[in-house]
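Computed from the coordinates by the stated procedures, all read-outs in this text should not be read as laboratory data. Keep in mind it's a predicted model, so treat the numbers as computed, not measured. Reconstructed Cβ throughout: ideal geometry from the backbone, glycine too, with neighbour counts over all protein chains shown.
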Amino acid sequence: MARSLKVGIIGATGYGGGELVRLLSRHPAVTIAALQGRDRDNEPIGRSHPHLGATGHVVAAALPDGLDAVFLGLPHGAAAAIVPDLLAKGVTVVDLGPDFRLRAAVDYPRWYRFEHPRPDLLAAAVYGLPELHRAELVALRDASIRIIASPGCYATAAILSLAPLARAGLIGDLVVDSKSGVSGAGRDPKADLQFGEVNESVKAYGIGGHRHVAEIEQELGAVAGSAMPPVDFLPHLIPMTRGILSAAHVRPSRPVTQVELDDLYATAYAGERFVEVVADPPATKHVTGSNTFRVHVSLDDRTGRVLVIGVLDNLVKGAAGQAIQAFNVAFDLPEAGGLEQLPLAP
C-alpha cells in the first residue's frame, strides 16, 4: 500500500494557504486531513478560494489528533505561540512564516518587533531551503523535535542567486534590487494595495532594513563560512500578481571571468531539480505557477561587476512549493512530490 501522510494546514484561507491546498491535493503521498482558518468553522474551502471548491475540503475551527505534519501560514509572531503544543503531540511543523528562520533570539525584536517566546527551539529548527540544507532536513527524520522554517520569498531569490559566489568567497560588496508582485503582501485588505494605488505604478519600500535582510545575511554568511559584508537590499512593489525578480550587483573580491562564473553556477546547481541556470536573463513569467528558480549570471567587462538575476513564483518556490519540497526531504519522499507542474503561460 502506498504511504499516505496526514497533514493539516493552519492559515488555509490566505494566498500561501491556498497554494498549499492546491499543491498538496495532488501530492501522491499526502492526505489533507484538516484545514484551519481565522474565524472559520465548517466552511467550504471554496468560499475563501473558489478555484479550490472542487477539492471538497472544509475549513474547521480546530485540528484533529493523529496528524503527521502541520503547515503554518500565519503572520509573524503567531506561529511561535502554537508550535510548542504541536511539537508535544509529535507533529512535524512546517512554518511558512518567519518565527523560526533566524538562529538568534535577539534578532527578532530588531527585525520583527517581538520577543521570541521560545528561543530554546530556534536551534532545533532547520532552515527549509533544500538546495543548501538538504542534509539537515534528512536528519530531521530521526529528530525528536521537527521544525522546518520555510524561507522568505525575497530571501530565497537572493540566497539562491548568490550562494555560489558566497561559497567561493567572491562577494566583496553587494546590492540586491528586487521586484515583487502584490500577492507577496498577503490577502488582507490594505489601502496601498488597492488596484488604483498599485496599477501603473512601481514603489520602493522597506528602505533601510527589510525583514528578509536578516535571512539573506545569515544564510550567505553560513555558506561563506565567515561574516558577509552588509547587504544593501531594496524591494519594490510592481503591478503584477505573482513573481519576484532579484537583481544582485556584486563587486567581486578578486577579478573573475565569465567562464569561471559559468562553471561555478553549473557546478553549484548540478542535479538540483528546481534550480535552472540559464544563458539568457530570465523573466518572472518563465516560472509562474511552478516551483522552479531560474538564475542567470554575467560579468560586466567594463565595470568588473557581476550581475546575478534570479526569478521565482513567490507563492510557490517562494512559499508553499518550497515548504512542500522541504517536507518531502524530511519525510524521505520523492523531492518533487506534488510539485511536478510546469510553469503557466502566457
All positions within the stretch 188-215 that are more than 27 Å from Met228 (Cα to Cα) and surrounded by 16 or more Cβ atoms within 10 Å (Cβ to Cβ): Val198
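Residue-by-condition table, conditions (1) of a type in the set (Lys, Arg); (2) in contact with a Pro (Cβ under 7 Å, 6 or more places away or on another chain):
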residue	(1), (2)
His296	no, yes
Arg302	yes, no
Val306	no, yes
Ile309	no, yes
Asp313	no, no
Ala319	no, no
Gln322	no, yes
Asn328	no, yes
Phe331	no, no
Odd one out for Lys6 among (1) surrounded by fewer than 21 Cβ atoms within 10 Å (Cβ to Cβ); (2) free of Cβ contacts under 8 Å to residues at least 60 places away in the same chain; (3) not in a loop (DSSP other than H, G, I, E, B); (4) not polar (S, T, N, Q): (2)
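Of these, Pro64, Pro98, which one is assigned to a loop (DSSP other than H, G, I, E, B), more than 28 Å from Ser4 (Cβ to Cβ) and either in contact (Cβ under 8 Å) with a residue 24 or more places away in the chain or touching a His at 6+ places or on another chain (Cβ under 8 Å) (or both)? Lay out the reasoning, then the answer.
Details: Pro64 fails: more than 28 Å from Ser4 (Cβ to Cβ).
Criteria check complete, one pass: Pro98.
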Test: residue in the stretch 101-113 that is closer than 15 Å to Arg211 by Cβ, in contact with a Leu (Cβ under 8 Å, 6 or more places away or on another chain) and surrounded by 21 or more Cβ atoms within 10 Å (Cβ to Cβ): yes
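Could you pull out the residue among Leu165, Leu174, Leu245, Leu220 that is closer than 18 Å to His296 by Cβ and not in a strand (DSSP E or B)?
Details: Leu174 fails: not in a strand (DSSP E or B); Leu245 fails: not in a strand (DSSP E or B); Leu220 fails: closer than 18 Å to His296 by Cβ.
Sole residue among the options that is closer than 18 Å to His296 by Cβ and not in a strand (DSSP E or B): Leu165.
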Residue under evaluation Glu131, criteria (1) in a helix (DSSP H, G or I); (2) over 21 Å from Asn314 (Cβ atoms), criterion not met: (2)
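Yes/no matrix, rows are residues, columns are (1) among the small types (Gly, Ala, Ser); (2) out of contact with any helix residue (DSSP H, G or I) (no Cβ under 7 Å at 6 or more places or on another chain):
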position: Glu43; (1), (2): no, yes
position: Arg47; (1), (2): no, yes
position: Pro50; (1), (2): no, yes
position: Thr55; (1), (2): no, no
position: Ala78; (1), (2): yes, yes
position: Asp85; (1), (2): no, yes
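Working carefully through the options Arg22, Arg38, find the one that is among the basic types (Lys, Arg), outside any strand (DSSP E or B) and closer than 17 Å to Ser183 by Cβ.
Details: Arg38 fails: closer than 17 Å to Ser183 by Cβ.
Exactly one residue qualifies, and that residue is Arg22.
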